[in-house]
Amino acid sequence: MKTGVILISHGSKLSSGNDGLFQVADMLRAMNRWNMVEAAFLQLAEPGFPEVVKKTVESGMDRLVVVPLLLFKGNHVYKDIPEMLEIEKTKYPQIEFIYSNNIGADERIALIAADRIHEVLIEKQYGSNQRIEQPQAIVDESFEIIDKLVDLESVPELHRPIIQRAIHATGDTDYAYNLVFHPLAVETGIHTLKSGKNIITDVNMVKAGITNGPVEKFGGKIVCKISDQSVVDEAKRTGKTRAIVAMQRSAYEMKDGVVVIGNAPTALFELIDLIKKGLAQPALVIGIPVGFVGAVEAKSALKDTAVPYITNTNRKGGSAVAVSVVNAIIKLAKEGNKY
């Protein structure tokens, strides 16, 4: 079944007032999750809703999801759009029409508003020329800002520094809400590192970002085999990604250790397979690969394993956030946490 998505907004006489809807449509298209994504306006701008419905139907869509990109519920959401939908349903009885909720009051909207408020106040307070240059002062102020932007009071105490560092590394407060922790993840990570076990990474960028001194002092080492010649050769021979082969070749080193995947969904999928087959036995998996293809699915599959994990719930991720998570655990271990 082919699915089309129609984003519908009010419309403005000023073209600049309509650009945002087209930009959101472009962002959704980039996700490659639906066959079509189009923008339509209720009034004052083109294209109108009937025109876009006609376009999507003629393009072979079997169902249309109509999404009102309107912040709060009013006549447009309750009355105008449903009435327009009924008219289109009579024109195209063979098409399934699905009407989604509007944006509504959402904590993510409040976070965006908080960011905008902070930005304008900082600009007013410091202007564009003043800047802080001392490294620790930058970190301290960053953490103060993060604490004001997100409420971590309800979060387990050991999770807080990890979330703070993830936000600090990415500038994205969404990590306060989309990081997912196995109940034993942080305690396991602290104990594992203090026991001198290894850290295995999927790419060298992750390896380079990890604080090496404490790991070596505990007796462990950081391992990444993605650039090993034997891995490169095997990947060429089999047609698999180097990330997959590197995981296979690292299974022995990862026993009772920590595996950190911040780049390649294929590495996480392969690790999960190795765990399920009993060929890999890590104590903790930090699986936060980034991407439009496979990242969300790999993270979901990780939660079905018996191994403690830290992951997140969407396509976001990457080396910076993976490094921030493992470095936060290293810092907890270095500080002599009781776990």
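Limited to the stretch 164-202, what total is found for residues that are among the β-branched types (Val, Ile, Thr) and open to solvent by 20 Å² or more (accessible area, probe 1.4 Å)?
Summing the residues that are among the β-branched types (Val, Ile, Thr) and open to solvent by 20 Å² or more (accessible area, probe 1.4 Å) in the stretch 164-202 gives 3.
Among the residues making up the stretch 18-64, those that are at pLDDT 90 or above, open to solvent by 30 Å² or more (accessible area, probe 1.4 Å), out of contact with any Leu (no Cβ under 9 Å at 6 or more places or on another chain) and closer than 21 Å to Glu96 by Cβ are Asn35, Pro50, Glu51, Lys54, Lys55, Glu58, Ser59, Gly60, Asp62, Arg63.
I'm checking my understanding of the structure. Among residues of the stretch 78-117 that are farther than 25 Å from Lys2 by Cα, of a type in the set (A, V, I, L, M) and open to solvent by less than 90 Å² (accessible area, probe 1.4 Å), which one is modelled with the lowest pLDDT? The qualifying residue modelled with the lowest pLDDT is Leu111. Within the stretch 12-43, being touching a residue at least 12 places away in the same chain (Cβ under 8 Å), closer than 28 Å to Val293 by Cβ and of a type in the set (D, E, K, R) holds for one residue alone: Glu38.
Might you check whether a residue that is within 19 Å of Ile330 (Cβ to Cβ), of a type outside the set (A, V, I, L, M) and open to solvent by 20 Å² or more (accessible area, probe 1.4 Å) occurs anywhere in the stretch 239-256? Yes, the stretch 239-256 contains at least one residue that is within 19 Å of Ile330 (Cβ to Cβ), of a type outside the set (A, V, I, L, M) and open to solvent by 20 Å² or more (accessible area, probe 1.4 Å). Somewhere in the stretch 165-174, is a residue outside any loop (DSSP other than H, G, I, E, B) and at pLDDT 95 or above? No, every residue in the stretch 165-174 fails to be outside any loop (DSSP other than H, G, I, E, B) and at pLDDT 95 or above.
Of all residues in the stretch 53-81, those that are in contact (Cβ under 8 Å) with a residue 24 or more places away in the chain have Cβ atoms under 7 Å from Cβ atoms of residues that are among the hydroxyl-bearing types (Ser, Thr, Tyr) and buried (at least 19 other Cβ atoms within 10 Å of the Cβ), 6 or more apart or on another chain, in Leu64/Thr56; Leu69/Ser9; Leu70/Ser9.
The values are calculated or read from the model by the stated rules, or taken from the named source; none is laboratory data. Note that the structure is a prediction, hence the values are computed from the model and not measured. Note that each Cβ is placed from the backbone with ideal geometry, even for glycine, and that neighbours are counted across all protein chains shown. Note: areas computed on protein heavy atoms with side chains; ligands, DNA, RNA excluded. Shrake-Rupley method; radii C 1.70, N 1.55, O 1.52, S 1.80 Å.
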